[in-house]
Amino acid sequence: MPKLSIRRRLIASVFATQLILTIALVALATYFTRGQLRAAFDAALHGRAMSVAALIRYSEEGNHELVFDADLSPPPLDRRHPDFYQIVDDSGHVIGASSKWP
């Protein structure tokens, strides 16, 4: 059985540690990037929901019912994928919904 020199063992161990470090660094960067993207998506989704919720108001008539201004609703971000939303009051009455609501 041939003996390995110290130089070859040292080069192999440095190469192995560098490879493990590179894999760990890529995995950690991927993990944190996915977390940041998920947080950004949640913030954008919350902002869209709040922009639709801001269109609900009380009517100016004597009965003071909730009214949804569908004409002022923001356009969808992607034309191929329309927005879907339905607004329901506490009693279960539908106040408003998107035009493509199933």
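When R38, R48, R34, R57 are checked against the criterion of being outside any strand (DSSP E or B) and in contact with a Leu (Cβ under 9 Å, 6 or more places away or on another chain), R48 stands alone in meeting it.
Taking the stretch 70-102 as the range and being in contact with a strand residue (DSSP E or B) (Cβ under 7 Å, 6 or more places away or on another chain) and of a type outside the set (S, T, Y) as the test, the residues that pass are A70, Q86, I87, V88, D89, V94, I95, G96, A97, W101.
Taking the numbered list (1) modelled with pLDDT of 85 or more; (2) surrounded by 10 or more Cβ atoms within 10 Å (Cβ to Cβ); (3) outside any helix (DSSP H, G or I) in turn, L19 passes all entries but (3).
Table: residues versus (1) in contact with a Phe, Trp or Tyr (Cβ under 6 Å, 6 or more places away or on another chain); (2) free of Cβ contacts under 8 Å to residues at least 24 places away in the same chain.
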{"residue": "I11", "(1), (2)": "no, yes"}
{"residue": "F15", "(1), (2)": "no, yes"}
{"residue": "A40", "(1), (2)": "no, yes"}
{"residue": "V52", "(1), (2)": "yes, no"}
{"residue": "R57", "(1), (2)": "no, yes"}
{"residue": "F68", "(1), (2)": "no, no"}
{"residue": "D89", "(1), (2)": "no, yes"}
{"residue": "K100", "(1), (2)": "no, yes"}
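Are any of the residues in the stretch 79-97 modelled with pLDDT under 85, surrounded by 10 or more Cβ atoms within 10 Å (Cβ to Cβ) and in contact with a helix residue (DSSP H, G or I) (Cβ under 6 Å, 6 or more places away or on another chain)? No, because not a single residue in the stretch 79-97 is modelled with pLDDT under 85, surrounded by 10 or more Cβ atoms within 10 Å (Cβ to Cβ) and in contact with a helix residue (DSSP H, G or I) (Cβ under 6 Å, 6 or more places away or on another chain). Of the residues making up the stretch 43-63, those that are at pLDDT below 90 and exposed (fewer than 10 other Cβ atoms within 10 Å of the Cβ) number 4. Of the listed requirements (1) under 16 Å from W101 (Cα atoms); (2) assigned to a loop (DSSP other than H, G, I, E, B); (3) among the small types (G, A, S), G62 misses just one: (1). Is it fair to say H64 is on the phi > 0 side of the Ramachandran plot and not small (G, A, S)? Here the answer is yes, as H64 does meet what is asked.
The values are calculated or read from the model by the stated rules, or taken from the named source; none is laboratory data. Everything numeric here is computed off the predicted structure, so don't read it as measured data. Glycine also receives a Cβ, built like all others from the backbone with ideal geometry; neighbour counts cover every protein chain displayed.
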